[in-house]
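The values are calculated or read from the model by the stated rules, or taken from the named source; none is laboratory data. In this text the structure is predicted, and so the values were computed from the model without any measurement. Virtual Cβ from ideal backbone geometry, glycine too; neighbours counted across all protein chains shown.
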């Protein structure tokens, strides 16, 4: 997912998911898995797909664009991730989400802070650009680890998920200002034939609303699910 247009302005640079099984080895993007169920758009605001690692696990992802009215300056995407263990043994599973908003269509000038519940699990993210653009995310269950970081110029957080080493996020919650990004990490053991569900709800709010335009379905086309596109630099 690399586009989310709200009232004519693309607010998102990149969001995608990675996983790791076991405590060693590198993370992999879910795009490296086979598609068990090709992307299916059941309605104007609902997409679903399922990835599979044969004999090990499946990952189903459902997107729902809840949105606001045209020109309202608000849009919400609900995401449901369902991981099912189809192996014959308990599955040591680590799931990662990476998010990089460019609020107002610009990478600079954002402030980000992650939230935690009473038990220390990461359960929210809040980002704003001045008094005009806001984004937040709420997650259930809370993530075991989180990390707020500057995206550019070196994309350290992003590349920690794409290198050849296992990653544990450093739990820095911010606040941090600039070209901001964040990641969450869930560490679970899924029993045989068991499932692990994650619910994510992200919203964008624009207080200085430009001319009304139709809210795009977050750039979520079936072609997008073939892989998370990477841009090599930000200006």
Among the residues of the range 1-22, write down those that are part of a strand (DSSP E or B), surrounded by 20 or more Cβ atoms within 10 Å (Cβ to Cβ) and modelled with pLDDT of 90 or more.
12, 13, 14, 15, 16, 17, 18, 19, 20
Do we find that residue 150 is touching a residue at least 60 places away in the same chain (Cβ under 8 Å), farther than 20 Å from residue 207 by Cα and within 17 Å of the chain's Cα centre (by Cα) in this structure?
no
Can you tell me which residue among 61, 82 is touching a strand residue (DSSP E or B) at 6+ places or on another chain (Cβ under 7 Å), more than 25 Å from residue 13 (Cβ to Cβ) and assigned to a strand (DSSP E or B)?
82
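Does residue 179 qualify as being touching a strand residue (DSSP E or B) at 6+ places or on another chain (Cβ under 9 Å) and surrounded by fewer than 17 Cβ atoms within 10 Å (Cβ to Cβ)?
Answer is no for this residue.
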Restricting to the range 33-47, and then to whatever is closer than 15 Å to residue 17 by Cβ and surrounded by 16 or more Cβ atoms within 10 Å (Cβ to Cβ), can you tell me which residue is modelled with the highest pLDDT?
33
If we scan the range 122-133, do we find a residue that is over 24 Å from residue 206 (Cα atoms) and touching a strand residue (DSSP E or B) at 6+ places or on another chain (Cβ under 8 Å)?
yes
Among the residues of the range 107-121, write down those that are in contact with a strand residue (DSSP E or B) (Cβ under 7 Å, 6 or more places away or on another chain) and over 18 Å from residue 15 (Cα atoms).
109, 115, 116, 117, 121
Suppose we keep only residues that are over 14 Å from residue 151 (Cα atoms) and surrounded by fewer than 18 Cβ atoms within 10 Å (Cβ to Cβ) within the range 89-108. Which one would you say is farthest from the chain's Cα centre (by Cα)?
89
Boolean, residue 11 is over 21 Å from residue 192 (Cα atoms), under 18 Å from the mean Cα position of the chain (by Cα) and free of Cβ contacts under 8 Å to residues at least 12 places away in the same chain:
no
